[in-house]
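Since the structure comes first, as structure tokens, the remarks are kept for the end.
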Amino acid sequence: MTINDADIKAAADLLEQHDDYRVLRRIPLSAQWELPGVRPPSRRGLFVDVETTGLDVETDEIIEVALLPFDYDPGSGELLAVHEHQALDDLRDPGIPIPAVSTQVNGITDDMVRGKTIDEDRLIKLVDEADLIIAHNAGFDRPVLERYWPGFEDKPWACSLADIDWRAEGFGAGKLDYLLMQQGWFYDGHRALNDCLAGLFLLNHQLPISGSLAMTALLQSARKPRYMIRAVGSPFDSKNDLKRRGYTWNPGTEDREKCWWVLVEDADSELKWLSEKVFGKPVQLPVKPVDARLRFSGRMLGSSPRPFKG
């Protein structure tokens with residue numbers, strides 16, 4: 001028996017009408033997203049993803065990089081065009097054997113990367129043209145990419161994981177494949193360009209509770225001023241309270257003391273909480289403005305930001 005597309009669609013539509021079944025559809029090709037096309041005002045975005053030999057942003061090696069350029073309306077957040085034909089998707093030989101645990105995640109083997117290199121001229125050009133760089137988990141991708149190509153340091157970044165309150169939108173987790181499956185979609189994940197396309201597809205959808213376009217919510221979050229507070233000298237027995245509050249431990253360097261730190265939107269309220277709940281007395285602590293040009297970067301504890309207006 002021959003099954004055609006019409007039969008499959010009818011079967012899927014029938015299943016969706018039953019409470020005991022859910023249907024997942026493959027993300028369509030970007031050319032089928034029915035985008036309006038570039039028009040003023042527009043900004044150039046770059047969705048990025050890296051695959052690496054491990055999860056240490058300071059030491060593990062890149063084995064694949066994908067950069068997907070797109071255009072968006074900076075006011076509405078509407079996606080205008082995806083330039084998949086201009087995308088970079090290159091493998092890289094790390095010069096060491098790829099750990100088996102890494103291959104299990106991304107499917108990239110030593111044979112696949114042997115002798116492969118990143119087209120750095122194309123990469124630098126795509127980065128130079130971008131007004132905003134986005135990753136799903138930018139706290140990992142940004143510091144890794146900045147180790148290799150300093151041009152990533154000069155750009156504002158946003159994160160499709162951290163810059164959208166997925167739990168407030170009814171999602172139990174923030175993994176990319178989960179977020180899409182909960183909305184009826186799937187894709188062949190864990191290769192860099194596939195992840196970029198999936199992340200951009202996700203941003204082009206309305207959030208289920210707020211009704212906002214996901215890209216709009218991301219831009220609003222990326223533009224918010226934030227402040228890094230370092231709880232230098234906090235009592236040891238306050239560490240659990242600080243962790244529950246969202247603080248991160250930094251072991252320090254030769255020229256910077258170890259401490260717990262956090263990013264907040266209201267520095268005064270946070271300093272009041274620290275004074276009352278952690279130190280038990282009024283304290284003056286280091287407070288530093290952090291915007292999208294510095295956020296998610298490994299340089300955040302020691303660099304000065306510039307304003308982001310993209």
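The values are calculated or read from the model by the stated rules, or taken from the named source; none is laboratory data. These numbers come from a predicted model, not from an experiment. Because the Cβ atoms are built from the backbone with ideal geometry, glycine has one as well, and the counts that use them run over all protein chains shown.
For every residue, the table says whether it meets (1) buried (at least 19 other Cβ atoms within 10 Å of the Cβ); (2) in the same structural domain as ILE134 (by TED's automatic domain parsing); (3) without any contact (Cβ under 8 Å) to a residue 24 or more places away in the chain; (4) assigned to a strand (DSSP E or B).
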position	(1), (2), (3), (4)
ALA198	yes, yes, no, no
MET215	yes, yes, no, no
GLY233	no, no, no, no
ASP237	no, no, yes, no
LEU242	yes, no, no, no
VAL262	no, no, no, yes
LYS272	no, no, yes, no
GLY298	no, no, no, no
Subject >> Lone unmet requirement of (1) in contact with a Pro (Cβ under 7 Å, 6 or more places away or on another chain); (2) touching a residue at least 24 places away in the same chain (Cβ under 8 Å) for GLY95 >> reply: (1)
**OP:** Would you check if ILE133 is out of contact with any Leu (no Cβ under 6 Å at 6 or more places or on another chain) and either under 22 Å from LEU200 (Cα atoms) or in contact (Cβ under 8 Å) with a residue 40 or more places away in the chain (or both)?
**Re:** no
**OP:** Sort out for me the helices (runs of 4 or more DSSP H) sitting completely within region 1-115 that have 1 or more residues that are modelled with pLDDT of 95 or more and among the small types (Gly, Ala, Ser).
**Re:** 100-106
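Could you identify the single residue in LEU161, LEU179, LEU203 that is in contact (Cβ under 8 Å) with a residue 40 or more places away in the chain and either assigned by TED's automatic domain parsing to the domain that holds ARG26 or over 15 Å from the mean Cα position of the chain (by Cα) (or both)? Break it down stepwise before answering.
Details: LEU161 fails: in contact (Cβ under 8 Å) with a residue 40 or more places away in the chain; LEU179 fails: in contact (Cβ under 8 Å) with a residue 40 or more places away in the chain.
That would be LEU203, the only listed residue that is in contact (Cβ under 8 Å) with a residue 40 or more places away in the chain and either assigned by TED's automatic domain parsing to the domain that holds ARG26 or over 15 Å from the mean Cα position of the chain (by Cα) (or both).
Is it fair to say ILE209 is touching an Asp or Glu at 6+ places or on another chain (Cβ under 8 Å) and under 23 Å from SER76 (Cβ atoms)? Full working, then the answer.
Details: touching an Asp or Glu at 6+ places or on another chain (Cβ under 8 Å): yes; under 23 Å from SER76 (Cβ atoms): yes.
In short, yes.
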Original post:
Any residue in region 57-78 that is on the phi > 0 side of the Ramachandran plot and of a type in the set (Gly, Ala, Ser)?
Top reply: yes
**OP:** Output the number of the condition that LEU15 fails; it satisfies all remaining conditions of (1) in contact with a Phe, Trp or Tyr (Cβ under 9 Å, 6 or more places away or on another chain); (2) over 20 Å from ALA158 (Cα atoms); (3) touching a residue at least 60 places away in the same chain (Cβ under 8 Å).
**Re:** (3)
